[in-house]
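> Handing you this structure, nothing more for now.
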C-alpha cells in the first residue's frame with residue numbers, strides 16, 4: 001500500500017504542488033503528523049467559530065483513516081504536553097497564533113481580511129517545550145477549513161471517500177516537508193451545487209438512509225462541499241420538500257459547516273416552492289395578491305436568522321413557470337424593490353449588506369435583454385440553456401455589476417430530460433465556463449447536479465475550476481483525468497482509468513441515453529452503428545480488465561465511478577442498435593431479425609439486472625435507489641413511468657434456406673426469387689475502389705430460411721481478394737473484399753464477383769479506378785472528404801487571437817477554439833488567425849463544406865458568432881454560427897432542439913467550380929466562442945448518418 005501512496009504523491013497536481021507528504025518511516029526535518037513513535041496534537045481555540053472545531057475533528061479522523069491512530073484534539077486552554085502540535089485557526093482568533101505573529105514567525109497580514117484564503121506553515125521551536133508546529137491559518141472560517149481539507153487530500157483522503165467509497169491511502173507514517181504555503185483567493189466567490197430533480201433516486205435513498213432530507217443527510221452534503229472547496233448550496237426542493245421547515249436544524253447545521261444557503265431561481269426570499277401551498281396564500285400573482293406575498297416573503301427573511309445566506313430576489317410564475325403574459329419590466333422592478341425593502345426592514349440594515357441574487361433564467365433573461373437592471377450589489381445569475389451552452393454573458397460595458405452562472409449536469413425539460421448517467425464532458429464545461437469567467441462571470445458558479453451520483457467527476461471538476469480557474473488550461477485537461485483517477489485509485493492503473501473516464505463521457509455526450517433510439521445511428525452508412533457498438537465493447541472490455549487487476553479495496557469505488565457507468569451505457573447502446581438491426585433485417589426478410597429481437601429482450605432485462613446489482617450488491621445496498629431513474633422509452637420531454645423496451649418484430653421465415661445479400665457502399669440489398677433477369681443473373685455493384693484509398697468493403701450473405709444455408713462466392717478476377725470462398729450459415733456472414741492493385745492489368749476498370757447458392761447465380765460488379773491524380777492531404781473517398789478540426793496542416797497565429805486545440809472536446813475528435821476567449825471581433829486581413837487543411841478531390845465540380853460546431857449560443861446577443869471559410873484563394877465567406885436563432889421562443893425552436901439533441905450544429909458553405917486536385921481549406925478566426933469540431937467536404941457522395949463520415953485517409 002505504501003507503494004501506491006508514493007505514486008500518488010509524486011505525481012504533479014493542479015493545486016498545492018508545494019505541499020509534499022512523505023510516508024517513509026523517518027524523514028529528516030519533516031513535520032511528523034503521525035508516526036509510530038510520535039504523534040502531533042491538534043489544537044484549536046474554543047472561542048473560534050464552530051467550523052474551526054469541526055475542521056480539527058475531521059482532520060483527526062482523516063489521519064485515523066490513513067494510519068489507524070486518531071490524534072488527540074484539544075483546545076489551547078487544555079493544551080496537553082506535546083512536542084509536535086497542529087494549530088487550526090483563523091486570523092486574530094487564536095492566542096498561540098497571535099504570539100507567533102508577534103514574534104514574526106507568521107505573517108498573518110498576507111491573508112488578513114481576505115476571502116477564504118489560508119496559510120499552511122511549519123515552524124521549528126515555536127514555543128518552549130514544543131519542537132515543531134504545523135499551522136493551518138485561515139483568513140476566515142472557511143479558509144481554515146479549506147486549508148485543513150487540502151492537507152487531508154494531499155495525505156490521501158479523497159473528497160469522495162464517503163460519497164463514492166474511495167478508500168483512504170493507508171500508511172503508518174505521515175510527515176510533511178517543511179513549507180510556507182499561502183493560498184490565493186478563490187477565482188469565484190461563491191461556488192456550489194443545486195440538488196435538483198431529486199425524485200425518485202436521491203429522495204428515496206435519503207429516506208431509506210437518513211429518514212429524508214434532514215440535517216443528518218445534509219451533513220454529508222456539507223462535508224462533501226467543503227472537501228471540494230465549495231461554499232454554496234441550493235437544497236433539494238421538489239414537492240413536498242421544504243429545507244428550512246422539514247428539519248429546522250438544516251439551516252443551522254449548514255451555517256455550522258460554513259455553507260451558504262440560498263433558494264432556487266423561482267423561490268424568492270428564502271421560501272421553498274412547496275411553502276406557498278402550505279401557507280395557503282392564494283394566487284401567486286403580485287398584481288392581485290401583493291399583501292399575502294409580502295407577508296410570505298417577510299417570514300422567509302425572518303427565518304433566515306443571522307445565518308450566512310444569499311437571498312434570491314425577483315419572481316417567476318408558480319411552479320417554475322413563466323409569469324403571466326401581462327407581466328412587465330416595471331412590475332418586476334417593483335417586486336425587487338419591495339423585496340429589498342423587506343430585507344432591510346427585517347434585518348435592520350441596508351439591503352445591500354445582505355447578499356442577493358437575481359436569476360435571469362429562461363424567459364427572465366428577456367427582461368434583462370430589454371434593458372432591465374438592478375442595483376450593482378445584486379448578483380446577476382446568468383444561465384446555460386439547460387444543456388451546457390451558455391445563453392448570455394455580460395458585455396464589456398456591464399462590468400460594474402456582479403455576475404454568476406447557473407450550469408446543468410442534469411435537466412428535466414425540453415426536448416428530453418437527461419438524468420440517468422453523466423453526459424457532460426469536462427472539456428465542454430471547461431470551454432463554456434472559461435468563456436464565462438473571461439467575460440467577467442466570477443461572483444457565483446452554481447451547477448445543477450441532480451442526485452449527486454453519478455456526477456462525481458464533473459462536480460469535482462467544476463468546483464476545482466471555480467476554485468482556481470487559471471490552473472486548468474486546455475492543454476492540461478487530459479492530465480485532470482489522470483490526476484483524478486490517481487486520487488481515487490491510489491495510482492493503480494491511473495493511465496488506463498483516465499482513458500476510460502475521458503472516453504465514456506465523450507461517448508455519452510454524443511447523445512444522451514434518454515434520447516437514444518433505434519434510428520440514432522446509421523446501420524447502412526459508414527459502419528456507424530457497428531463503430532459505436534465496437535467502441536463501447538472495447539471500453540467495457542478494458543474496464544473489466546482494470547477491475548480484475550484492482551485490489552479489492554478499490555473495487556467498490558471503481559464500480560461506481562467507472563465501470564457501472566460504462567457497462568450500463570454500453571448495454572443501452574447495444575440494445576438500441578440490436579433493435580435497429582431487428583428492424584433492418586425484418587424488412588429484408590432475414591432470419592437473423594428474430595435473433596436480434598431476442599437480443600433486445602435480453603439486453604433490456606440486463607439493464608434491470610445491472611441496476612439491481614448497483615442497488616443491492618454495491619457496498620451491501622448502501623446506494624439502493626440511486627440508479628432508479630427511468631431512462632428507456634421516452635415519448636415526450638418527461639420521464640416515462642417505467643422503462644419500456646423498444647419495439648421489435650418477429651418474422652415468419654421460410655422452411656428452406658434462401659440466400660440474400662447486401663453490398664456495402666453499393667446498390668440496394670438483394671435476395672433470390674425476385675427480379676431475376678434473363679438467364680437468372682442478378683446484378684449489383686459496389687461503389688468504385690480506388691488505389692489511393694485502398695478500400696475494403698464487404699458483402700453480407702444472409703439467410704432467409706430456417707435451415708442452414710450453403711453458399712459459394714468467387715472472384716472472377718484474380719486481383720479481387722475475398723476473405724471467404726464458401727460458407728454454411730444459419731443467419732448471416734460478412735465477406736471482406738479488397739483489391740490487389742499490383743495484379744490489375746492496364747486499362748481494366750471493372751471486375752466481378754459471383755455468388756452461388758442452390759443453383760442460383762448472382763453477379764456483383766467491382767468497379768476500380770487505377771489512374772489517380774497527384775494527391776496530398778486528406779483524400780476524397782466516395783465523394784466526400786472528412787477532416788477532424790484538430791488535424792490542421794498549418795495553424796497560423798493572428799496578431800490578436802489564435803486557433804487553439806481543446807483535446808477530446810467533441811463527438812469524434814478534438815476541437816479548435818478562438819483564444820483569448822474575451823477577444824474583440826476580428827477583421828479579415830493579414831493579421832487574422834488562420835487554420836489550413838490540405839485535401840484532394842478527384843473530379844471537377846461544386847463542393848459543399850459542412851462545418852460541425854459545438855452548439856454555442858449567441859452569448860453577446862449580436863447578430864451572431866462568426867468565422868470565415870475559403871478554399872484556396874477564393875474570397876472568404878463569412879459564416880454566421882447563429883443565423884436565424886434570435887427568436888424569443890428559443891427553447892422550443894427547431895434549431896435549438898436539434899442542436900442540443902445532436903450536440904452539434906452544422907453550417908454549410910458553397911464553393912463553386914473547384915477543379916480536381918490538391919486544395920487548401922482555410923478557416924479564419926473572427927469571434928471567440930466559435931468551437932469547431934469537424935469538416936465534411938461533400939463532392940456529391942455524402943450519405944445520412946449521425947456522427948458524419950469518419951475521418952478521411954491522409955496522403956503525405
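The values are calculated or read from the model by the stated rules, or taken from the named source; none is laboratory data. These numbers were taken from a predicted model, which means no experiment stands behind them. Neighbour counts are summed over all protein chains in view; Cβ atoms, including those assigned to glycine, are modelled from backbone coordinates with ideal geometry.
> Consider residue 98 against the criteria (1) more than 45 Å from the chain's Cα centre (by Cα); (2) at negative phi; (3) in a loop (DSSP other than H, G, I, E, B); (4) surrounded by fewer than 18 Cβ atoms within 10 Å (Cβ to Cβ): it satisfies all of them except one. Which criterion is unmet?
(3)
> Moving on. Of the residues 87, 50, 69, which single one is closer than 15 Å to residue 175 by Cα and not assigned by TED's automatic domain parsing to the domain that holds residue 553?
Only one candidate passes the filter, namely 69.
> With respect to residue 810, determine if the residue is touching a strand residue (DSSP E or B) at 6+ places or on another chain (Cβ under 8 Å), surrounded by 16 or more Cβ atoms within 10 Å (Cβ to Cβ) and assigned by TED's automatic domain parsing to the domain that holds residue 920.
It is true that residue 810 is touching a strand residue (DSSP E or B) at 6+ places or on another chain (Cβ under 8 Å), surrounded by 16 or more Cβ atoms within 10 Å (Cβ to Cβ) and assigned by TED's automatic domain parsing to the domain that holds residue 920.
> Going by the conditions given, is residue 762 at pLDDT below 95 and in a strand (DSSP E or B)?
Spelling it out, residue 762 is indeed at pLDDT below 95 and in a strand (DSSP E or B).
> Further question: Every residue in the stretch 101-126 that is outside any strand (DSSP E or B) and touching a residue at least 24 places away in the same chain (Cβ under 8 Å), please.
Selection gives 106, 108, 110, 111, 112, 113, 114, 115, 116, 117.
> Here is a follow-up. Confirm whether residue 639 is touching a helix residue (DSSP H, G or I) at 6+ places or on another chain (Cβ under 9 Å) and in contact (Cβ under 8 Å) with a residue 60 or more places away in the chain.
yes
> Do you know which residues across the stretch 533-557 are farther than 20 Å from residue 162 by Cα, under 23 Å from the mean Cα position of the chain (by Cα) and in contact (Cβ under 8 Å) with a residue 40 or more places away in the chain?
Hits for the stretch 533-557 are 533, 542, 543, 546.
> In the stretch 788-800, is there at least one residue being part of a strand (DSSP E or B) and under 23 Å from residue 427 (Cα atoms)?
Looking for residues that are part of a strand (DSSP E or B) and under 23 Å from residue 427 (Cα atoms), one finds at least one in the stretch 788-800, hence yes.
Condition check ((1) within 30 Å of residue 232 (Cβ to Cβ); (2) modelled with pLDDT under 95; (3) surrounded by 21 or more Cβ atoms within 10 Å (Cβ to Cβ)) across all residues:
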position	(1), (2), (3)
446	yes, no, yes
455	yes, no, yes
459	yes, no, yes
465	yes, no, yes
468	yes, no, no
533	no, no, no
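Results for (1) more than 22 Å from residue 433 (Cα to Cα); (2) not in a loop (DSSP other than H, G, I, E, B), shown as yes or no for each residue.
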site: 864; (1), (2): no, no
site: 868; (1), (2): yes, yes
site: 875; (1), (2): yes, no
site: 901; (1), (2): no, yes
site: 933; (1), (2): no, yes
site: 945; (1), (2): yes, no
site: 950; (1), (2): yes, no
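> Pick out the one residue from 906, 922, 934 that is closer than 24 Å to residue 862 by Cβ, buried (at least 19 other Cβ atoms within 10 Å of the Cβ) and in contact (Cβ under 8 Å) with a residue 40 or more places away in the chain.
Only one candidate qualifies: 922.
> From the residues in the stretch 937-956 that are over 28 Å from residue 577 (Cα atoms) and buried (at least 16 other Cβ atoms within 10 Å of the Cβ), which one is modelled with the lowest pLDDT?
Per the criteria, the residue is 955.
> Just to be sure, is residue 915 free of Cβ contacts under 8 Å to residues at least 60 places away in the same chain and either within 30 Å of residue 956 (Cα to Cα) or surrounded by 15 or more Cβ atoms within 10 Å (Cβ to Cβ) (or both)?
no
> Only one residue in 88, 50, 42, 63 is farther than 30 Å from residue 473 by Cβ, in contact with a helix residue (DSSP H, G or I) (Cβ under 8 Å, 6 or more places away or on another chain) and surrounded by fewer than 18 Cβ atoms within 10 Å (Cβ to Cβ), so which one is that?
50
> What's the number of the condition residue 860 fails, among (1) at pLDDT 95 or above; (2) part of a loop (DSSP other than H, G, I, E, B)?
If we test residue 860 against (1) at pLDDT 95 or above; (2) part of a loop (DSSP other than H, G, I, E, B), just (1) comes out false.
> Determine, yes or no, whether residue 493 is within 23 Å of residue 186 (Cβ to Cβ), at pLDDT 95 or above, out of contact with any strand residue (DSSP E or B) (no Cβ under 7 Å at 6 or more places or on another chain) and not assigned by TED's automatic domain parsing to the domain that holds residue 945.
no
> If only one of 581, 598, 613 is within 20 Å of residue 520 (Cβ to Cβ) and either buried (at least 23 other Cβ atoms within 10 Å of the Cβ) or not assigned by TED's automatic domain parsing to the domain that holds residue 450 (or both), which one is it?
Just one listed residue meets the conditions, 581.
> Further question: Can you confirm whether residue 758 is surrounded by fewer than 14 Cβ atoms within 10 Å (Cβ to Cβ) and without any contact (Cβ under 8 Å) to a residue 40 or more places away in the chain?
Here the answer is no, as residue 758 does not meet what is asked.
> Same structure, new question: When only residues in the stretch 264-283 that are touching a strand residue (DSSP E or B) at 6+ places or on another chain (Cβ under 7 Å) and either outside the structural domain of residue 232 (by TED's automatic domain parsing) or free of Cβ contacts under 8 Å to residues at least 60 places away in the same chain (or both) count, which is surrounded by the most Cβ atoms within 10 Å (Cβ to Cβ)?
Applying the filter and picking the extreme gives 270.
> Within the stretch 72-79, identify whether any single residue is crowded, with 22+ Cβ neighbours inside 10 Å, farther than 19 Å from residue 174 by Cβ and not assigned by TED's automatic domain parsing to the domain that holds residue 254, and answer yes or no.
No, there is no match, as no residue in the stretch 72-79 is crowded, with 22+ Cβ neighbours inside 10 Å, farther than 19 Å from residue 174 by Cβ and not assigned by TED's automatic domain parsing to the domain that holds residue 254.
> Count, please, the residues in the stretch 688-721 that happen to be exposed (fewer than 14 other Cβ atoms within 10 Å of the Cβ) and under 15 Å from residue 590 (Cα atoms).
Residues flagged as exposed (fewer than 14 other Cβ atoms within 10 Å of the Cβ) and under 15 Å from residue 590 (Cα atoms) within the stretch 688-721 amount to 1.
> Go through the stretch 169-213 and count every residue that is touching a residue at least 12 places away in the same chain (Cβ under 8 Å), more than 29 Å from the chain's Cα centre (by Cα) and in a loop (DSSP other than H, G, I, E, B).
Looking only at that region, the number is 7.
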